[in-house]
Amino acid sequence: MNFEPVSKLFLGNLSVVNLGLESFARNLSGAGLPVVQVDWKPPAGGDSKVLAALDAIALSSKVDIDKANDAAVSRVLAAKPTVVGIGLARDVVPGMRKNLILHAGPPVTWQMMCGPMRGAVMGGLLYEGLAKDAGEAARLAASGEIDFEPCHHHASVGPMAGVITSGMPVWILENKAFGNRAFCTLNEGLGKVLRYGAYSEEVLVRLRWMRDELAPVLAGALGLHGPMDMKTIIAQILQMGDDGHNRNRAGTSIIIRELAPYIVLLDEPRERLSKALAFMNANDHFFLNLSMPSAKCSLDPAMGIEGSSMIVTMARNGTEFGIRVSGLGERWFTGPAGMVEGLYLPGFSAADAARDIGDSVITETAGIGGFAMAAAPAIVKFVGGSPQDSLDITRRMYEICITENDAYQIPALNFRGTPTGIDVRKVVETGILPAINTGIAHKEPGIGMVGAGLVKPPENVFFDAIVAFAQRYV
Amino acid sequence: MKKITVRKDSYYDSVFLMLATHELKKTKGIREAVVAMATPMNLDLLVGLGFAEAQLSLARPNDLLIALDAETGEAADQAVSAALAIINRKKDPAAGVAAGLAHTGSFASALKVLPEANLALISLPGLHAPRAARKALERGLHVMLFSDNVPLDDEINLKRLAVSKGLLLMGPDCGTAIINGNPICFANVVRRGPVGIVAASGTGLQEVSCLIDRFGSGVSQAIGTGSRDLKDARVAGMTTLLALEAFKHDQGTKVLVVVSKPPVPEIAAQVIAALKTAGKPAVAFFLGLACERQDDGNLAFASSLEETALLACAFASGARDASAARVRIADRVVDMTAIRTRALQEAKLLLPGQKYVRGLYTGGTLCDEALFILHGTLGDVQSNIHVDPAFVPIDPRVSEGNVVSDLGDDYFTIGKPHPMIDPGVRIDRILKDGQDKETAVILLDLVLGYGSHPDPAGACLEAIGQAKAAAKKRGGHLIVVASVTGTPADPQGLSAQASRLEGAGVIVMPSNYRAALLALEIIRAVRAGATVKK
């Protein structure tokens, strides 16, 4: 009989992991023993079918999941997202065409779209000149003549409604390590903006100005500057109080610093150059539309890795929240989009809020945003109030991630890398859902942002993914 | 020699880089060191320091430079590694964890925080506990499974897994252990010493370990096995036998003790064989089988928890075999004459009609021991844990005749804390039995130690006072007999608890065994007509 491990226990120092009644841990800890208390939740939410799938995956020898996940997350870490230019969607976004409207989140029909997304679609049709007024736009949208597809199916991401039409200018990002590209519109600022479903003349005028003046200025400056390495910039903004999702003030400032010396060299009227700089300066979230495609082009090479349980996409369309898992191909797992818990701008309340919407959760998927909450103490008021709350959020995310980022580090955690690469197995095992920072849209189209906060994804998407994973790999 | 290392596109905060530069400059064999981003200013600086411009010209501002002037190539290589180690600071999973008890969200990350962990303490709901226990065993941890309601099949599978890895699975339904002197869950602060205990019952282990402490010896390790370990042929004593094997080879353990309800015969034979071949003196107490077995060489069979402790201490102090041990404890075993004299004194204070004992127990094995003693002689003692259904009361909340109740039994604890933690259920019963004019003796246990109520004596003093006053009002006298399972080092303090009870007129006996015997003799005296007519 092998008794050596027991002899070792008797001769060694007792060191305890406690699952359950905390008083037991406190007694031992009080006596000076090393003890860790596990804040345990029933795995798989107590659902026996999901738990059986999880256990079957753990026992299966059909595929080395850990190895596949290492391969997937290594690709994310190796990514070199770089801004290489600005172009019109129809010229650069794969598969873009006149009657195609890209939207945030998993696939959704016009009938199922929430108010802000419908508003943005109508605005997009007006912007493209496909409809003369709102009524005609709505009729056209419902007619079946317009195709709706997720941005994610076209190497793109869009904040909130995420509407991209063929005539919109987009940032072009290239992952220099893998050669793949990602696209995102230019951020329009706050208030009445298309991404929150506004489609009034003021919105359309701004969109046209962005196309006709802002985009050429930025493209020209970028041409002089040369490709802009987003990885080092994101690494810096995390040390400057940004999370790259809900707070983008440092990132926006860095972009201005990077481009300003070249903007002033452009052979354009000075008022035009000044207006472009002023526009960026007035919009703290200008950087979001760069952090998002950076995350997108970092994650895309990790898709479709056989046996990987890493989440490569999280996105919401205002009706549903969806995820995609590397080893499960293009399939979306969806559940009802949640309500955001957060703070509201003056004059608004939870009663005004739309459901969770937007592709911006791609930042969390790549290990920034809510996962880097500890880096952004200035926005802790959105998530509980104290810096400790933000540390706790990031720390919890390590529980569900495959690794720690080697480039993105958090000063307050002793420069520990951000939690990176969500393992859907760990989400189901621990019951810890990804922490997502986000803005809150008004539920009626055209009113805009009403607040910001933290949102929980629906847990069924992770359960469904685990069941599908078991079907595929056990 | 000068050496330049470039790491492309690596952003580091300048403070880190300055720290790395500072550390490298102090390193032996390094004349000059610069760790910096390749900004134009830094490149100029390096050129000024004599580093080759050609090598630097390809570096861009987003690149990290490690420029060294070293005495040897080896020193330079080491310095590069050192620089990278400083700027890629070792990941610290505990970073940002608030002071105090460390919390994590999963078992896996608990092991990252505490990689040396060797025991998982599991008190999750019975439905989920086996899975958690299996994961802990798979990761090489011993497991104490406090949870109850774990299916038998799960217990068997877990114990097979544990034994195959040489790991202890204590439980399920194991509330007490002492590992390396540390009381775990419900256990007492017992002096360390040569006695290794394996016990299927929590309060049995507590009583024996506390009495060993009181009798001047101590405990090396006390392993709980869970109540089914020896009672079920399929569990087959897996934990008990592994623990005994470890004790056999443990330098710190000189005497073995096994405490259990009667094992199934084939397992009993294995356990006895293990004890006999251990090469160390041993004491077995199979509660309910008193005196059915004959001592055999240096294996002694005890007939009570107290005798178990006495025999273990006799062995610990050098008795070579069981008969020598019995000689050594001869003057310490119960003096029945003294107990009968005391019983008669007490019985004389009772009114006619005060004729029953009411045992109100919080400890299951203590209750069992009292029931065994009382029922064995009186023959009519009812209990919710009686093995003979004829003696199980229809309503365990009501006392009729002689009753010994285990208030920690599931019947009383569903949805409530155990009475060792929350004395409420016992307080109600003390008051209720005190109101019953047929009650002669209330028999109590008080279990101290970690996990238990911080002041179990104080918690029932008021109820005892009221019960006694009610009896007095009727012209009678209520006898309250108690024993305290504890040690002077327990948080509640053994003597403090005993003296609080004595102050309230409670007769405090030195062991549960003796408390039960005194209660028994009082009832026998009553039956013999000792009460006085007033």
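The values are calculated or read from the model by the stated rules, or taken from the named source; none is laboratory data. Please read these numbers as outputs of a predicted model, since none were measured by experiment. Ideal geometry is used to build each Cβ from the backbone, glycine not excepted, and the neighbour counts take in all protein chains shown.
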Some residue of the stretch A:402-413 being more than 14 Å from chain B (Cβ to nearest Cβ) and buried (at least 22 other Cβ atoms within 10 Å of the Cβ): no
The stretch A:46-72, residues that are crowded, with 16+ Cβ neighbours inside 10 Å, aliphatic (A, V, I, L, M) and within 12 Å of another protein chain (Cβ to nearest Cβ): A:Leu51, A:Leu54
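Every residue, every condition in (1) within 25 Å of A:Lys80 (Cα to Cα); (2) at pLDDT 90 or above, yes or no:
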position	(1), (2)
B:Lys28	no, no
B:Asn62	yes, no
B:Thr72	no, yes
B:Asn88	yes, no
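Keeping to the stretch B:439-483, report how many residues are part of a loop (DSSP other than H, G, I, E, B) and within 31 Å of the chain's Cα centre (by Cα).
Within the stretch B:439-483, the subset part of a loop (DSSP other than H, G, I, E, B) is B:448-449, B:451-455, B:474-478.
Among the residues that remain, those that are also within 31 Å of the chain's Cα centre (by Cα) are: B:448-449, B:451-455.
Count: 7.
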From A:Gly87, A:Gly124, residue being at pLDDT 95 or above and either in the same structural domain as A:Glu330 (by TED's automatic domain parsing) or assigned to a helix (DSSP H, G or I) (or both): A:Gly124
Residue satisfying all of: in the stretch B:20-35; under 56 Å from the mean Cα position of the chain (by Cα) and surrounded by 17 or more Cβ atoms within 10 Å (Cβ to Cβ); nearest to the other protein chains (Cβ to nearest Cβ) among these: B:Ala20
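Looking only at helices (runs of 4 or more DSSP H) that fall completely inside the stretch B:93-189, which ones have 2 or more residues that are out of contact with any Cys (no Cβ under 8 Å at 6 or more places or on another chain), in contact (Cβ under 8 Å) with a residue 12 or more places away in the chain and at the interface with another protein chain (Cβ under 9 Å from one of its Cβ atoms)?
Numbers: elements: B:107-113, B:129-138, B:152-164.
Ranges flagged: B:107-113, B:129-138.
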Single condition B:Leu241 does not satisfy, out of (1) in contact with a Leu (Cβ under 9 Å, 6 or more places away or on another chain); (2) within 14 Å of chain A (Cβ to nearest Cβ): (1)
Conditions (1) part of a helix (DSSP H, G or I); (2) surrounded by 17 or more Cβ atoms within 10 Å (Cβ to Cβ): number failed by B:Val327: (2)
Output for the stretch B:392-411, where each listed residue is surrounded by 20 or more Cβ atoms within 10 Å (Cβ to Cβ) and over 21 Å from B:Gln354 (Cα atoms): B:Asp406, B:Leu407, B:Gly408
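Just checking, how many residues over the stretch B:190-207 are of a type in the set (D, E, K, R) and more than 13 Å from every other protein chain (Cβ to nearest Cβ)?
Initially, the stretch B:190-207 is screened for residues of a type in the set (D, E, K, R), giving B:191-192, B:207.
Narrowing the set further to residues that are more than 13 Å from every other protein chain (Cβ to nearest Cβ) leaves B:191, B:207.
Counting residues in the stretch B:190-207 that are of a type in the set (D, E, K, R) and more than 13 Å from every other protein chain (Cβ to nearest Cβ) gives 2.
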Options B:Lys254, B:Lys276; residue that is within 14 Å of chain A (Cβ to nearest Cβ) and within 26 Å of B:Arg328 (Cβ to Cβ): B:Lys254
Some residue of the stretch A:21-44 being away from every other protein chain (no Cβ under 11 Å), farther than 30 Å from B:Gly193 by Cβ, among the aliphatic types (A, V, I, L, M) and in a helix (DSSP H, G or I): no
Any chance A:Asp356 is surrounded by fewer than 24 Cβ atoms within 10 Å (Cβ to Cβ) and either among the acidic types (Asp, Glu) or not assigned by TED's automatic domain parsing to the domain that holds A:Ala435 (or both): no
Single match in A:Gly85, A:Gly162, A:Gly191, A:Gly119 (criterion: of a type in the set (Gly, Ala, Ser), over 21 Å from the mean Cα position of the chain (by Cα) and crowded, with 24+ Cβ neighbours inside 10 Å): A:Gly119
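Find the residue count for the stretch B:16-59, including only residues that are part of a loop (DSSP other than H, G, I, E, B), basic (Lys, Arg) and in contact (Cβ under 8 Å) with a residue 24 or more places away in the chain. Reasoning before the result, please.
Let us first name the residues in the stretch B:16-59 that are part of a loop (DSSP other than H, G, I, E, B), namely B:26-29, B:38-39, B:49-52, B:57-59.
In the following step, the residues that additionally are basic (Lys, Arg) were identified as B:26, B:28.
Applying the additional criterion that residues be in contact (Cβ under 8 Å) with a residue 24 or more places away in the chain yields B:28.
Within the stretch B:16-59, residues that are part of a loop (DSSP other than H, G, I, E, B), basic (Lys, Arg) and in contact (Cβ under 8 Å) with a residue 24 or more places away in the chain number 1.
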